[in-house]
Structure formats: structure tokens, C-alpha cells
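Structure incoming, see below.
The values are calculated or read from the model by the stated rules, or taken from the named source; none is laboratory data. Note that this is a predicted model, so its numbers are computed, not measured. Here the Cβ positions follow ideal geometry from the backbone for every residue, glycine too, while neighbour counts run over all protein chains shown.
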Amino acid sequence: MKKILLLGGSAQQLVAIKAAKELGYYTIVCDYLPNNPGQYEADKFYATSTTDIEAVYEIAKEEQINGILAYASDPAALPAAIVAEKLGLPTNPAKSVEILGLKYPWRKFLHDNGFACPKFYPFNPQTPIDEIKNNIKNFTFPFVVKPTDSSGSKGVTRLDDWNGLEKAISRADEYSRNKVLLVEEFIQRGYPYVIGGDIFVWNGKIVLYGEMECLRDMVRSPLIPIGEKKTGGHQ
């Protein structure tokens, strides 16, 4: 029986674990949270952080897995790609995952290649406040302070003036593992929804895509999505 290592066992990741079992895979789940339900659905469970690359690599070697998947988890995508590359398993290139999955490499890629993007400034939590202010003095309010390696808008603060900058940095730092934070100009959208989508490429061809509207509560929690609505797709 082929083995698949799934990074994450939260409620929204159960669908991937169940699908893998239905396809005949022996499922192994890593998750550092002791109460996540995936551990009860999987064939084997490791209480290991999905972002601990060396620990995940050792588990993958020991279990002699045939594949690794980070379903519905941005932070686990890069560890999955790195481990897969080390073991010669199918994966997206780790360098591509790093650029697309971490906010600073992504903004830098857009800027360096002539794509439209907001002004941005990377720094670490110990950078003096005066130095940060000096480097973003040409930014236009509002702007946001965020961690570069978090997801789901965790640790993100919008500022309309200088008040609250230190608190925003502290909050971003709480959700940062790599300790690289970002200030970037806030882009006010004119459309009430954020349009997104998923694309699956096989042998250089798009074989599946889906378009979605990201729904947000603009009064209580405007930065955090509360749901998605499918608007179109192709298979």
C-alpha cells in the first residue's frame, strides 16, 4: 500500500485525509495541535509541527512515503516541497513555493519583474521605530503591518496614521516564525469581493481551474475572509 504524508489535521483538512484513504493510501498526519480531528481519521499520527522541516523529513524517510501533501495550509506548503525534493517525490519546485508562499519574496518578485504591486518595506522586529518610519516616509496612509510567513490574515494590522505602529509590529511578531515583517501600502478595492482561484497544471497544461469570490465581513473583521463562493470553473 502506498503511503502519503499529510501536513495538518485540522477540520478543513479532513477532506484531504478522507479522500486519500478512499483512493487506497495509507495516511500519515503531522500536526502539533493535540486536539485537531485529523489524528483520529488518519492511519497514523505524529504530534509534530508541520513547519519543522527536519522533523517532517525524518518522519518521511522513516515511513518511506510515496507522497507528501500540505492541503489548505500555506505555512506547510514550503516544508512539503523541500521534503519532497530531498526524497525525489513529485512536487512543485521549492523555490517557486517560497516565492509564492512568503509575502516578502512575492512582493520582491513582482517589483523586480515589473508587475504592479504596492510599496513595501521588509524589516525585523528589532528594527528601531525611527528607522522604520524613515524608510516608509514616502508611503501613503493607510498602510498595513504584517508577518511574511503567516496566513489567513493573522497578525495583520491596518494603520491610518503613526499611532499604534509599535503595537502593530508586536502583533505581527507574535505570528511570525522567520521574524521578517513587512509594511506595505494598503490598496482599497472598489469591488465588494476579492476574486481568486485555483489552477492545476499537469505536464505544462492547465487541466483544472476554479474561480471564487472571497467573502468578508466588512464591519467586524474586514481583513479576514469568512467564506468563499464558487463562481466558475473547468475540468
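So, Ala81, is that one within 27 Å of Ala42 (Cβ to Cβ) and of a type in the set (A, V, I, L, M) or not?
yes
Now, a different point. Before we move on, is Ala72 under 14 Å from Gly8 (Cβ atoms), part of a helix (DSSP H, G or I) and not assigned by TED's automatic domain parsing to the domain that holds Ser176?
no
Okay, next question. Going through the range 132-166 one residue at a time, which ones are out of contact with any Phe, Trp or Tyr (no Cβ under 7 Å at 6 or more places or on another chain), closer than 21 Å to Ser73 by Cα and assigned to a strand (DSSP E or B)?
Lys146
Among the numbered conditions (1) touching a Ser or Thr at 6+ places or on another chain (Cβ under 9 Å); (2) in a loop (DSSP other than H, G, I, E, B), tell me where Leu182 comes up short.
(2)
Another one. Of Ala55, Ala60, which residue is more than 19 Å from the chain's Cα centre (by Cα), within 27 Å of Thr148 (Cβ to Cβ) and buried (at least 21 other Cβ atoms within 10 Å of the Cβ)?
Matching residue, one of Ala55, Ala60: Ala60.
What helices (runs of 4 or more DSSP H) lie completely within the range 8-63 and have 2 or more residues being modelled with pLDDT under 95?
So the answer is none; nothing clears 2.
What's the total number of residues in the range 73-91 that are surrounded by fewer than 19 Cβ atoms within 10 Å (Cβ to Cβ) and over 19 Å from Trp106 (Cα atoms)?
Within the range 73-91, residues that are surrounded by fewer than 19 Cβ atoms within 10 Å (Cβ to Cβ) and over 19 Å from Trp106 (Cα atoms) number 6.
Yes or no, residue by residue, for (1) over 30 Å from Pro90 (Cα atoms); (2) within 18 Å of the chain's Cα centre (by Cα); (3) of a type in the set (Val, Ile, Thr); (4) at pLDDT below 95:
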position	(1), (2), (3), (4)
Ala168	yes, no, no, no
Arg189	yes, no, no, yes
Tyr193	yes, no, no, yes
Glu211	no, no, no, yes
Pro222	yes, no, no, yes
